[in-house]
Amino acid sequence: GSVAMVWEHVPYLYNHLLQARAGRFELRQSIPAQGVSAVHPFRVGDDGYFLAVANRQTAPFTGDIAVYSVSPQLLKWNGTMFELYQTLEFASIPDETSYFPDPPPAPNVSAVPGPPTWTSLSNLAGATSFTYFQDVDGEHYLLVAQSFCDPLTNRSACSSIVSQPQSTILQWDTTEKIFTEMLAWADTLYEEVHGEPVHPEIRRYHQAALRMPMGRALRFAAATVGEEVLLVSSSADKGAVVIRFVFNTAPGFGGAF
């Protein structure tokens, strides 16, 4: 077990390091966690302030992926403290290819396939970090970087014992006010097509899980360039990978979505 700590800056308190009343950080809250690897604060429009806690594993990894069978959590600020809002229990699936079929890997990148040692897990296994982003249509998303193996394990040693989980994109459901698998309709897209707001009862028609084969994903970053959103993954075995993200199309997945 472990804890995630929330610190609050209190201005004008005496700072012993600076030897002046320059303010200092005071512990505001300790959040129970399991092998937490990162926390990520963000705001979802008018729906509030949130803190994503990347619960990663329950014990050191020695070959049994059961140590990663723990779910990340989403907490919401209630005005006084962060309280549990949603447990992110979505299925993880393995990256059995360990490379991008379209486009192919760059010539200087050696793609090392890992053996498919599992079929699925019922949670976002091996979460390493979160990244919130909003696209040009105003939709809210949460990227979950996922990976197995301890950070100092080299690529060949890791790929010889386990397949990596694919990383996840979740979408904010404006009706139920939770993150969920990718929805069939974005609000603005539906209004453009039908001329009226999307009906709650059809919002999840043809809902689908979107997973990204990023290998040992460590971090994501999202950048808006003109009318496009670029997702950049930092991976311990694939290097830096850039994907152009559009709600109804996602080039680079070989037709997987």
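The values are calculated or read from the model by the stated rules, or taken from the named source; none is laboratory data. Because the structure is predicted, anything quoted here is derived from the model rather than measured. Heads up, the Cβs are rebuilt from the backbone with ideal geometry, glycines too, and the neighbour counts pull from every protein chain shown. Ligands, DNA and RNA are stripped out before the accessible areas are found, and what is left, the full protein with its side chains, is counted by its heavy atoms. Shrake-Rupley method; radii C 1.70, N 1.55, O 1.52, S 1.80 Å.
Given the options 66, 38, name the one that is touching a residue at least 24 places away in the same chain (Cβ under 8 Å), closer than 25 Å to residue 216 by Cβ and not aromatic (Phe, Trp, Tyr).
Unique residue meeting the criteria: 38.
Surrounded by 20 or more Cβ atoms within 10 Å (Cβ to Cβ) and farther than 23 Å from residue 48 by Cβ, is that true of residue 189?
No; evaluated as a whole, the condition is false for this residue.
Name the residue that is modelled with the lowest pLDDT, counting only residues in segment 30-58 that are open to solvent by 70 Å² or more (accessible area, probe 1.4 Å) and outside any loop (DSSP other than H, G, I, E, B).
Result: 32.
Would you point out the residue of segment 59-97, among those that are assigned to a loop (DSSP other than H, G, I, E, B) and aliphatic (A, V, I, L, M), that is nearest to residue 138 (Cα to Cα)?
The residue in question is 88.
Answer yes or no: is there a residue in segment 74-89 that is at pLDDT below 85 and touching a strand residue (DSSP E or B) at 6+ places or on another chain (Cβ under 8 Å).
No - not one qualifying residue is present in segment 74-89.
Within segment 176-186, how many residues turn out to be out of contact with any strand residue (DSSP E or B) (no Cβ under 6 Å at 6 or more places or on another chain) and either open to solvent by 10 Å² or more (accessible area, probe 1.4 Å) or on the phi > 0 side of the Ramachandran plot (or both)?
5
Out of the residues in segment 213-240 that are of a type in the set (A, V, I, L, M) and farther than 20 Å from residue 37 by Cβ, which is least open to solvent (accessible area, probe 1.4 Å)?
229
If I ask for residues that are more than 30 Å from residue 175 (Cα to Cα), open to solvent by less than 50 Å² (accessible area, probe 1.4 Å) and touching a residue at least 24 places away in the same chain (Cβ under 8 Å), which ones from segment 1-28 would you list?
2
For residues that are among the small types (Gly, Ala, Ser) and open to solvent by 10 Å² or more (accessible area, probe 1.4 Å), scanning just segment 118-175, find the one that is nearest to residue 205 (Cα to Cα).
Top of the filtered list is 138.
Take residue 61 and tell me if it is open to solvent by less than 30 Å² (accessible area, probe 1.4 Å), more than 18 Å from residue 88 (Cα to Cα) and not polar (S, T, N, Q). Talk me through it step by step, then tell me what you get.
Values: open to solvent by less than 30 Å² (accessible area, probe 1.4 Å): yes; more than 18 Å from residue 88 (Cα to Cα): yes; not polar (S, T, N, Q): yes.
For residue 61, the condition - open to solvent by less than 30 Å² (accessible area, probe 1.4 Å), more than 18 Å from residue 88 (Cα to Cα) and not polar (S, T, N, Q) - is met.
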